[in-house]
1. Restrict the check to segment 98-106 and report whether at least one residue is over 22 Å from THR25 (Cβ atoms), within 16 Å of the ligand (Cβ to nearest atom) and polar (S, T, N, Q).
2. Out of the helices (runs of 4 or more DSSP H) lying entirely within segment 1-83, which hold 2 or more residues that are farther than 18 Å from PHE184 by Cβ, within 16 Å of the ligand (Cβ to nearest atom) and not β-branched (Val, Ile, Thr)?
3. Identify all residues within segment 63-90 that are farther than 22 Å from LEU174 by Cβ and in contact (Cβ under 8 Å) with a residue 12 or more places away in the chain; write none if there are none.
4. Given the options GLU145, GLU141, GLU118, name the one that is among the charged types (D, E, K, R), farther than 21 Å from GLY40 by Cβ, in contact (Cβ under 8 Å) with a residue 40 or more places away in the chain and within 16 Å of the ligand (Cβ to nearest atom).
5. Can you name the residue in segment 25-59 that is of a type in the set (Gly, Ala, Ser) and over 17 Å from the mean Cα position of the chain (by Cα) and is also nearest to ILE135 (Cα to Cα) among such residues?
6. Find the residue count for segment 99-132, including only residues that are surrounded by fewer than 19 Cβ atoms within 10 Å (Cβ to Cβ), at pLDDT 95 or above and β-branched (Val, Ile, Thr).
7. For ARG152, are the conditions met, namely being surrounded by fewer than 20 Cβ atoms within 10 Å (Cβ to Cβ), within 17 Å of GLY124 (Cβ to Cβ), modelled with pLDDT of 95 or more and within 15 Å of the chain's Cα centre (by Cα)?
8. Yes or no: GLN86 polar (S, T, N, Q), within 16 Å of the ligand (Cβ to nearest atom), within 16 Å of the chain's Cα centre (by Cα) and not in a helix (DSSP H, G or I)?
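The values are calculated or read from the model by the stated rules, or taken from the named source; none is laboratory data. Keep in mind it's a predicted model, so treat the numbers as computed, not measured. All Cβ positions, even for glycine, are placed from backbone atoms using ideal geometry, and neighbour counts span all protein chains on display.
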Amino acid sequence: MRVGVLALQGAFREHILMLEAAGATAHAVRLPEQLDGVAGLVIPGGESTAIAKLMRTYGFYEAIRECHGSGMAVWGTCAGAILSAQTIADALPDQEPLGLMATTVRRNAYGRQVDSFEADLAIGQLDLPFRGVFIRAPLIEAVGEGVKVLARHRGDIVAAQECDMLATTFHPELTGDLRVHRYFLEHVIGAG
Ligand code: GLN
């Protein structure tokens with residue numbers, strides 16, 4: 001299965017390694033043409049303002065929306081979860097979300113970089129707790145109808161799925177635990 005990882009800024013290399021380890025053929029997507037034939041796209045964590053700016057420069061807003069419309073699954077981690085949302089609660093001017101998933105997301109909801117943390121998460125779809133690495137994480141504040149909450153941390157939504165869209169506010173690519181990547185390949189791609 002061919003999957004792409006948006007490689008404009010942020011933690012894209014780690015995702016490529018994890019997806020390959022989980023059995024997919026993964027490549028870095030730096031230009032919209034590289035979305036051709038891709039069954040799923042990961043939008044990685046990083047800095048959503050920087051990624052948004054580069055997405056606009058290279059024409060990714062139209063390209064990703066179009067490919068998603070024709071069946072490409074999308075998984076946003078952290079900054080990627082911000083960018084794939086319907087609404088960014090505290091958006092800066094210029095910070096347009098892709099609007100792919102019926103979520104409202106608040107940036108840096110847990111404070112500054114020093115407030116980054118790790119926590120064991122109970123994800124219903126996985127049999128054992130998953131170590132969540134939260135780095136200046138956003139919060140999924142609200143979800144629309146049709147969005148399934150996959151995990152919460154202290155009541156806050158940290159993972160959600162809407163058909164072939166997945167959002168996690170933490171970083172599974174930094175753990176060496178392939179289960180969320182496998183979940184994306186097996187249960188999100190093709191679920192549209
Ligand atoms: N706080 C970052 C942002 O707003 C996201 C952090 C991350 O992706 N680890 O883009």
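1. Scanning segment 98-106, I find at least one residue that is over 22 Å from THR25 (Cβ atoms), within 16 Å of the ligand (Cβ to nearest atom) and polar (S, T, N, Q), so the answer is yes.
2. Values: elements: 12-21, 48-58, 60-69.
Filter on segment 1-83 gives 48-58.
3. Hits for segment 63-90 are ALA63, ILE64, ARG65, CYS67, HIS68, GLY71, MET72, GLN86, THR87, ILE88, ALA89, ASP90.
4. Answer to the check: GLU141.
5. Quick first cut of segment 25-59, residues of a type in the set (Gly, Ala, Ser) only: 26, 28, 37, 39-40, 45-46, 48, 50, 52, 59.
From what's left, over 17 Å from the mean Cα position of the chain (by Cα): 37, 59.
Details: GLY37: 32, GLY59: 28 Å.
Residue satisfying both the conditions and the ranking: GLY59.
6. Going through segment 99-132 one residue at a time, the tally reaches 1.
7. No.
8. For GLN86, the condition - polar (S, T, N, Q), within 16 Å of the ligand (Cβ to nearest atom), within 16 Å of the chain's Cα centre (by Cα) and not in a helix (DSSP H, G or I) - is not met.
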